[in-house]
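The values are calculated or read from the model by the stated rules, or taken from the named source; none is laboratory data. These numbers come from a predicted model, not from an experiment. All Cβ positions, glycine included, derive from the backbone under ideal geometry; neighbour counts span all protein chains shown.
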Amino acid sequence: MAMDRDRIVDEALALLNEVGIDKLSTRKLAERLGVQQPALYWHFANKSALLDAVNSAMLTRYHTRRLPVAGEDWVNFTFANARSMRATLLAVRDGARLTAGTRPSVAEFADTERVLKLYVDAGFSPSEAFGVAIAVTRYVVGYVLEEQGERERDLLEDQANVLTDLTAEVAPFPVLAEALKSLVQVGTINTEAVFERGLRYMVDGMQASLRAKG
């Protein structure tokens, strides 16, 4: 039976959400599709190529702010882009690990060019613009890696008890205790607030760097 490439990717994304990236295999995907495993290799040379396609599909489906809108300045875009990417990675099981392990396709270079041009038009050099884009992307991916790792642990542990134990453990360290207290809301750590704070620090630094150029 001839297989449609888009259907393979859609089913792979669904399987990823069910079993996670460690248990996602071409064998399981072939069984899900009702075909022999070699049939997948007509479309994808190996699992890495399949994951590249799944990552691209995830970003296309969920990442709504990959590109700046008309008239948008670089600061607003940076915030919108980072928030959208975080939401995208959180929407898919192991989304951050998926993105971290894949490589962009040539088809995505035009979008990258548009983003870099926004930063260059604001005063960054091409290399600085690339550095800004990479820094923001890696901040988001790294942050969500931690979030999704914590989410997996939370399935096995009582979050309230973990926080109670942690609060007791940091009590002898007043600065650390106060910092933790400010981040805990309704029995859990406000990870969104932590993310926003880190993102703001990054953008503030970028703005300062741009101002220093004169």
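Looking at this structure, is V54 free of Cβ contacts under 8 Å to residues at least 60 places away in the same chain, among the hydrophobic types (A, V, I, L, M, F, W, C), in a loop (DSSP other than H, G, I, E, B) and out of contact with any Cys (no Cβ under 6 Å at 6 or more places or on another chain)?
For V54, the condition - free of Cβ contacts under 8 Å to residues at least 60 places away in the same chain, among the hydrophobic types (A, V, I, L, M, F, W, C), in a loop (DSSP other than H, G, I, E, B) and out of contact with any Cys (no Cβ under 6 Å at 6 or more places or on another chain) - is not met.
How many residues does the stretch 2-11 hold that are in a helix (DSSP H, G or I) and surrounded by 14 or more Cβ atoms within 10 Å (Cβ to Cβ)?
Adding up the residues that qualify gives 4.
Tell me which residues, restricted to the stretch 91-106, are more than 21 Å from V132 (Cβ to Cβ) and surrounded by fewer than 18 Cβ atoms within 10 Å (Cβ to Cβ).
A91, G101, S105, V106 - these are the residues of the stretch 91-106 that are more than 21 Å from V132 (Cβ to Cβ) and surrounded by fewer than 18 Cβ atoms within 10 Å (Cβ to Cβ).
Scan the stretch 107-166 residue by residue and report those that are among the small types (G, A, S) and either loosely packed, with under 13 Cβ neighbours inside 10 Å or at pLDDT 95 or above (or both). Working first, answer last.
Pass one, the stretch 107-166, residues among the small types (G, A, S): 107, 110, 122-123, 125, 127, 129, 131, 133, 135, 142, 149, 160.
Once the filter is applied, which keeps residues that are among the small types (G, A, S) and either loosely packed, with under 13 Cβ neighbours inside 10 Å or at pLDDT 95 or above (or both), the stretch 107-166 yields A107, A110, A122, G123, S125, S127, A129, G131, A133, A135, G142, A160.
Output the number of the condition that G214 fails; it satisfies all remaining conditions of (1) modelled with pLDDT under 90; (2) farther than 23 Å from G142 by Cβ; (3) assigned to a helix (DSSP H, G or I).
(3)
Yes or no: the stretch 71-79 includes at least one residue that is farther than 26 Å from L118 by Cα and assigned to a helix (DSSP H, G or I).
Residues of the stretch 71-79 that are farther than 26 Å from L118 by Cα, as a first pass: none.
Among the residues of the stretch 71-79, not one is farther than 26 Å from L118 by Cα and assigned to a helix (DSSP H, G or I), which makes the answer no.
Check A39, A30, A14, A49 and return the single one that is surrounded by fewer than 17 Cβ atoms within 10 Å (Cβ to Cβ), over 23 Å from the mean Cα position of the chain (by Cα) and farther than 19 Å from T137 by Cα.
The conditions single out A39.
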